[in-house]
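The values are calculated or read from the model by the stated rules, or taken from the named source; none is laboratory data. Predicted model only: the values in this text are computed from it and were never measured. Here the Cβ positions follow ideal geometry from the backbone for every residue, glycine too, while neighbour counts run over all protein chains shown.
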Amino acid sequence: MFLLNPSQHSRFYPESRSREIMLRTINFFEDKGLRKIKEDDHNRTFYSDFIEFQRNEKLFATLLTPSAYATNPDCRWDTWRNCEFNEILAFYGLAYWYTWQVSILGLGPIWMSPNEELKRKAAQLLKEGNVFAFGLSERKHGADIYSTEMSLAPQSDGTYLANGEKYYIGNANVAPMVSTFGKVSDTGEYVFFAADFRRQQYDLIRNVTASQNYVGQYMLRNYPISNSEILSRGQLAWDTALNTVNVGKYNLGWASIGICTHALYEAISHASNRRLYNMFVTDFPHVRSMFVDAYIRLIAMKLFALRAGDYMRSASSDDRRYLLFNPMVKMKVTTQGEEVINLLWDVIAAKGFEQDTYFEMAARDIRALPKLEGTVHVNIALIVKFMPNYFFFPGDFPAIPRRDEAVDDEFLWNQGPARGLSQIQFNDYRKVYETFDLPNVNLFEEQIEAFRQFLAQATPTDAQQKDVDFLLALGEIFALVVYGQLILENAQIYADQISHFLVDQIFDFMVRDFSKHALQIYSKPGSTSAQMDLCLRMIRKPIVNSDRYQQIWEEVSGLSDAYKMND
Ligand SMILES: Cc1cc2nc3c(=O)[nH]c(=O)nc-3n(C[C@H](O)[C@H](O)[C@H](O)COP(=O)(O)OP(=O)(O)OC[C@H]3O[C@@H](n4cnc5c(N)ncnc54)[C@H](O)[C@@H]3O)c2cc1C
């Protein structure tokens, strides 16, 4: 079973504690039941019960303490198991995922810090069941963290007084260590320090959102900071901000996957059992087509995100390919999640508004993921830096297998300087494309070849390269090529579950999406006639195969009534 089905949990784990964590978490939510989950959502009840549950079960302590700081042998930071934990939490409700996600972000600057005392303190706090917070964003500055105004004024005794405000900070109401980003007032040096919400000078102003989540606004007013509370300074503090987000970004895609999976079960079960005009809703051809598309897009999301995890776990200072794949999990997987929900919602229509469905939450929450931790634009602007090397200057790296072993992902805390992205190389993407001789994969390769020619022969002009709007359109196509590469790599690894029909049906939507983005570049005000000609060559129609389509339809319709949450 490639998609998560909580009633038939079968994922591989190399030891028993990981499976136990997943099953206990599933049981917690199934025991709570959909009715209570929805009631808490509507009443915006803070998720204290979940925090209590994870404290009693020592879940965050086990999953988020690197083994070097743990007293229990089950503790490690293991992306293989953390990604499923992400998926399960979002499958039941994004609010539960959010408190976990911002704990991960809050712990980033701590585990990356040279301050051993604070790391031991964090490990102890985790053991006691606490959650953590990441105070990076400020109200006025959005993505522009250079303009951070949180200010640390040096005092004559070597300590500092911090003053300033942070905005949109999850867990800011409960975290005893809020990793806060600021600048030393006289030198402008960047600093990360740990603030405690219980101190008098920590003024928790309000929850910025109207949701179950506590997304806080807090003000530090002459908050005293000793050197022992400083996590990092200067370049390290800056790198820590970006490197923490590199880790956190990955989880956003998994939240989308969890949401879409639950929504798919609800939608297909509803539509398959609903009769209109003496036939089932799923007998409409357009309904089938929407389900097939939603299903294959979701499978593709999961194939890509799993494979990106292999690269993340294999990363080293000599192999930084994860720096392309992680932002793609963020920008591509999460926007595909929106597409999946759009398709399903068009089918289930009014049902998606009903207050007792999971779908009603999914339709709202799926929108959040593309917007957190850097918008889609910010992440596309980031990935286009990789484009020249990806297409024209490949490297030579050994093949990476599926990384599901019980090891600590230590490199995440030692990622090094957050620069030099344009120098990172990749294996030649054409190799994996060539191993698949499938009609739509072959067609997609022809589209890529036209795009390569576009880059090489109708190279974007200096003006176009400075035009973010134009670059974003190119970035969308680049993202598709990378998406396809990792999907194919993982289709080989999961060949027992992912048939060639399924791969070819995935590339049916990939061909369509490629065409759509090519048309967008074609239509840009500044595109040249040579560029427009090449764009037209990228616009192709996928190859139809009715047997293939029928088989995939049977797969997705087979999910009807396969899972229903306890009431
Ligand atoms: C529910 C929620 C929870 C959050 N939790 C936290 C948290 O716990 N800790 C924390 O620190 N932050 C948190 N945030 C903040 C979040 O990370 C930012 O909101 C997000 O990064 C986007 O910033 P912005 O909305 O201010 O957009 P802005 O930065 O104001 O962007 C405005 C527009 O400009 C575009 N843009 C900006 N820069 C670029 C660029 N370089 N290239 C191309 N386009 C660009 C954007 O895409 C956007 O369209 C949270 C936000 C929300 C809504």
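When restricted to residues that are more than 8 Å from the ligand (Cβ to nearest atom), touching a residue at least 24 places away in the same chain (Cβ under 8 Å) and loosely packed, with under 14 Cβ neighbours inside 10 Å, the stretch 134-148 contains 1.
Of all residues in the stretch 398-415, which are surrounded by fewer than 17 Cβ atoms within 10 Å (Cβ to Cβ) and under 20 Å from ALA237 (Cβ atoms)? The one that is surrounded by fewer than 17 Cβ atoms within 10 Å (Cβ to Cβ) and under 20 Å from ALA237 (Cβ atoms): ASN414. Among the residues in the stretch 424-434, are any over 26 Å from the mean Cα position of the chain (by Cα) and farther than 20 Å from ALA479 by Cα? Within the stretch 424-434, none of the residues are over 26 Å from the mean Cα position of the chain (by Cα) and farther than 20 Å from ALA479 by Cα.
Give the residues of the stretch 173-189 that are crowded, with 24+ Cβ neighbours inside 10 Å and touching a helix residue (DSSP H, G or I) at 6+ places or on another chain (Cβ under 8 Å), sorted by residue number.
Step one: filter the stretch 173-189 for residues crowded, with 24+ Cβ neighbours inside 10 Å, giving 175, 177-182.
Within the stretch 173-189, ALA175, MET177, VAL178, SER179, PHE181 qualify.
Which of the helices (runs of 4 or more DSSP H) found entirely inside the stretch 373-473 contain at least 1 residues meeting this: among the basic types (Lys, Arg) and within 16 Å of the ligand (Cβ to nearest atom)?
Answer list for the stretch 373-473: 462-466.
Of all residue pairs spaced 6 or more apart or on separate chains, those with beta-carbon atoms under 7 Å, a first member in the stretch 101-114 that is in contact (Cβ under 8 Å) with a residue 60 or more places away in the chain and a second member that is basic (Lys, Arg) are ILE110/LYS119; TRP111/LYS119; SER113/LYS119. Under the condition of being within 14 Å of the ligand (Cβ to nearest atom), buried (at least 17 other Cβ atoms within 10 Å of the Cβ) and either part of a loop (DSSP other than H, G, I, E, B) or at negative phi (or both), the residues counted in the stretch 149-172 number 8. If the condition is being farther than 22 Å from ASN130 by Cβ and part of a strand (DSSP E or B), then the stretch 177-205 contributes GLY182, LYS183, VAL184, TYR190, VAL191.
Residues that are of a type in the set (Phe, Trp, Tyr) and surrounded by fewer than 23 Cβ atoms within 10 Å (Cβ to Cβ) were ranked within the stretch 484-508; the one that is nearest to the ligand (Cβ to nearest atom) is TYR494. Checking the stated criteria, ASP41 turns out to be modelled with pLDDT of 95 or more and in a helix (DSSP H, G or I). Taking the stretch 1-31 as the range and being surrounded by 13 or more Cβ atoms within 10 Å (Cβ to Cβ), part of a helix (DSSP H, G or I), of a type outside the set (A, V, I, L, M) and in contact (Cβ under 8 Å) with a residue 24 or more places away in the chain as the test, the residues that pass are PRO6, ARG17, SER18, ARG24, THR25, PHE28, PHE29, GLU30.
Let me confirm something: among ALA456, ALA463, which residue is exposed (fewer than 14 other Cβ atoms within 10 Å of the Cβ) and within 22 Å of ASN427 (Cβ to Cβ)? Lay out the reasoning, then the answer.
Working: ALA463 fails: within 22 Å of ASN427 (Cβ to Cβ).
Within the list ALA456, ALA463, the selection yields ALA456.
Just give me the residues in the stretch 344-362 being in contact with a Ser or Thr (Cβ under 9 Å, 6 or more places away or on another chain) and surrounded by 20 or more Cβ atoms within 10 Å (Cβ to Cβ), in sequence order. Across the stretch 344-362, the qualifying residues are VAL347, ILE348.
With respect to ARG313, determine if the residue is crowded, with 20+ Cβ neighbours inside 10 Å, touching a residue at least 24 places away in the same chain (Cβ under 8 Å), under 18 Å from the mean Cα position of the chain (by Cα) and at negative phi. The answer is yes for ARG313.
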